[in-house]
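Readers should treat all values here as calculations from the given coordinates under stated rules, not as data from a laboratory. Fair warning: this is a prediction, and the values are worked out from it, not measured in the lab. Neighbour counts run over all protein chains shown; Cβ positions are idealised from the backbone, glycine included.
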Amino acid sequence: MKRSTELSSQDIYHFHEGTWMDSYRKMGAHPTKEAGQIGTRFTVWAPNARRIAVASDHNGWDGFREVGYELQKIELSGLWSVFLAGYSEGDLYKYDIETQGGERQLKADPYAFAAEVRPHTASIICSLEGYEWQDKSWLRSRKPPHDRPLNIYEVHAGTWRQHQDGRLYTYEELAEELPAYVAEMGYTHIELMPLVEHPYDRSWGYQGTGYFAATSRYGEPHQLMAFVDRCHSHGLGVILDWVPGHFAKDAHGLRLFDGSPLYEPADPLIAEKEQWGTLSFDYEKPEVRGFLISNALFWMEMYHIDGIRVDAVSSMLFRDFDRPGGKWRPNRHGGRENLEASAFLRQLNTAVLTRFPHALMMAEESHAFPGVTAPVEQGGLGFTHKWNMGWMNDTLKYISQLPEDRSAGHSLLTFPIWYAFDERYTLPLSHDEVVHGKKSLLDKMPGSYEEKFAGLRLLLGYMMTHPGKKLLFMGGEFGQFIEWRDEAGLDWLLLEYEQHRRLHSFVRTMNHLYLEQRSLWQLDSHPGGFEWIDLQDEEQSVIVYRRKGKAKGESLIAICNFQTHAHAHYRIGVPSQGGYKILLNSDSTRYGGFDYMESSASEGTVLRSEPVVWHGRKNSIVLPLPPLSIVILKREKEARAAVRKKKEPQNLRDEVGLMLPGKHGNRRERIANRRELR
């Protein structure tokens, strides 16, 4: 049993200062032993309540029906606490709160570690102690992420895979299949869409009610810990989507928690998020800031999460976000910026990165707010990375156009480089881009069946060679043909079809090439890591650029042809004379390509330079450039780490089958240990 979890005067002081970063260790319900009795201590913040009691099966869910279940108010603190003997792990409970107006309401515990499976809403007494972690070597090896490879596979746990009868995979079942699959595919991290408890499946977890409770849809807390542990054993980091911008209005949640606006602002022009039907957090209250920061640290401390992606940052930073017609409240200076929210984000990032210097702190910010990834001491928000929404929007707009229209939109390809180094960016092709009528990535591509696959290979190769870390939503790696359905599993049966299998093989090859080639990630946030060779061939929709690493001369050349016609002899300038090996050609038959002049453009072919001035360089090479393709070159003496050309398997289904979910049970030991990359 744990020692008593009674509040100290220091705890109370730091709680009201918003600096009690481990508040979850005493707030909420904690099994313990006091005065020789075994039971549970309950502690809650509700400064405007008249009375509070614990409601449960013990008293027929009426906390005031009989004596002995009421919490005592700690004078002048707004905190209430009681020790109840006989309550133990697994018991259900809620807080029975009587408001100042005399109304009664049953509320889930904001600090509960577990909750009932929806549609039930009670909190569950739960201890997170006792799980035996096996990831000590992983934890010791973690490093700050700036000059490391970062290739994220975004997952919705409920629909990555489902049982044939529609049952969701549990955390245990996901642990058996997902980490091995993702590691073999060459990703470095798994990003999970929110796992906080939430009442409505189709909110995807972005409208939460239990911020400290891992959703019960997929199992129990220790099972989630085992999932994270398994990811670490496969050399994968785990990122969690986290939503401090708003919360659900459901009656059992945080809304009007003690009968008054407590976690939300009192002013509806600040509180209401009409677009989502949710409520903002009140960042002016230090207790609310402390609640959220303690929660972020909780996931890293108790679940060994390696980073968080903060959702909807723009909605936090701007008071007029999604408020047309002037229905918003200016700040104290008359501006639109939410000064309290930006102060909270600085405090958040400072707290997290002080305790976990290796952590990934990603912002989904879409309004060009300055200094999102700049250090707090320099006036920035202090995130380690920011999603590059501009690149995403421009690229998807361009790639969705008919090829004959692309010349006019050539700047959609070239403009993002001009701001690519203003922040530390991640390039996202996320779930938001393949749902609600936006089509899947594959179906966004114009043209014939084969051209759609060629276009998607080109898009993914372009993303992998563009400055910035990488993120791809599940299903994109094998060409999910219909957009993401948030109530059904991915269409893994598509891997029975050749084009999907070969796209899958391309993504795996491209991912491993990314890991092996330092020039693709060492200088992601530095202008010295990128050089245009040709950005002006808009007539033919071709761009040529060079990615550079830290070592002198270490670089790759990428040639992207966004048109459906090929070039038998396409000349490009090169930095120096010599031979240039083709490391990757997306048009190869092994990837489902058109196989345009494969004998002279196959992977492993060495192209010799000529002393012909081109693109402002003294030397140049000529290569066949396939339609809708990306070709990646490396100077021959630098190509030691190049991808070796593989013999085509007699049955490609055998090769892909090794990676399919459900086929990893006895292959765990064969997953490469890639911790040294991080």
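On a C-alpha basis, how far is the centre of the stretch 210-241 from the centre of the stretch 114-192 in Å? Whole number, if you could?
4
Give the separation of the Cα centroids, the stretch 264-320 to the stretch 390-407, in Å.
So the two Cα centres are separated by 34 Å.
Work out the charge dipole of the stretch 507-559 with +1 on the Cβ of Lys and Arg and -1 on the Cβ of Asp and Glu about the Cα centre, then indicate which of A558, Q536, Q522 is farthest towards its positive end.
So the residue we want is Q522.
Given the stretch 9-124, report the % of alpha carbon pairs whose separation exceeds 20 Å.
So the pairs more than 20 Å apart make up 40 percent of the total in the stretch 9-124.
For the stretch 484-558 and the stretch 331-365, what is the separation of their Cα centres, given in Å?
What the calculation gives is 31 Å, centre to centre.
Just how large is the dipole of the stretch 545-589 about the Cα centre, in debye to the nearest 20, putting +1 at every Lys and Arg Cβ and -1 at every Asp and Glu Cβ?
300
DSSP loop (so not H, G, I, E, B), at most 11 other Cβ within 10 Å: list which trypsin sites (Lys or Arg not before Pro) in the stretch 483-554 pass both filters.
In loop regions of the stretch 483-554 (DSSP not H, G, I, E or B), the sparsely surrounded trypsin sites (Lys or Arg not before Pro) are K552.
Which value, in debye to the nearest 20, gives the size of the charge dipole of the chain about its Cα centre, when Lys and Arg are +1 and Asp and Glu are -1 at the Cβ?
For this selection, approximately 2300 debye.
May I ask which residue of S294, Y153, H333 lies farthest towards the positive end of the charge dipole of the chain, with charges of +1 (Lys, Arg) and -1 (Asp, Glu) on Cβ and the Cα centre as origin?
The residue sitting farthest along the positive end of the dipole is Y153.
Tell me which label goes with the value of volume of the Cα convex hull per residue in Å³ computed from the coordinates here: (1) 155; (2) 164; (3) 464.
Correct label, based on the coordinates given: (2).
Considering the dipole of the chain built from charges on the beta carbon (Lys and Arg +1, Asp and Glu -1) around the Cα centre, which of L348, M392, L269 is farthest to its positive end?
Among L348, M392, L269, the one farthest towards the positive end of the dipole of the chain is M392.
Give me the percent relative contact order of the chain, please, defined on Cα pairs under 8 angstrom at least 6 residues apart.
Reported relative contact order: 11 percent.
Show that you can apply the helix-only estimate: for the chain, add -39,500 (n - 2.57) for every DSSP H stretch of four or more residues, divide by all residues, and state [θ] at 222 nm to the nearest 500.
Computed ellipticity for the chain at 222 nm equals -6500 deg cm²/dmol.
Across the stretch 560-570, in residue order, what do the Karplus-derived ³J(HN,Hα) couplings come to in whole Hz, using 6.51 cos²θ - 1.76 cosθ + 1.60 with θ = phi - 60° and x for Gly and Pro?
10, 10, 9, 9, 8, 9, 9, 10, 5, 9, 9
Considering only DSSP states other than H, G, I, E and B, which trypsin sites (Lys or Arg not before Pro) in the stretch 63-120 qualify as loop sites with at most 14 other Cβ atoms within 10 Å?
Within the stretch 63-120, the qualifying trypsin sites (Lys or Arg not before Pro) (loop, at most 14 other Cβ atoms within 10 Å) are R65.
Can you list the residues, at least 5 places off or on another chain, whose amide H is less than 5 Å from the amide H of A213, using H built in the peptide plane?
Here E197 satisfy the definition.
Can you list residues from other chains, or at least 5 along the same chain, whose modelled amide H is less than 5 Å from the amide H of L150?
Amide H neighbours of L150, under 5 Å, 5+ apart: K470.
Which value, in debye to the nearest 20, gives the size of the charge dipole of the stretch 9-124 about its Cα centre, when Lys and Arg are +1 and Asp and Glu are -1 at the Cβ?
So the magnitude is around 80 debye.
Can you list residues whose amide H is under 5 Å from T605's amide H, if they're 5+ apart or on another chain and H is modeled 1.01 Å from N?
I582
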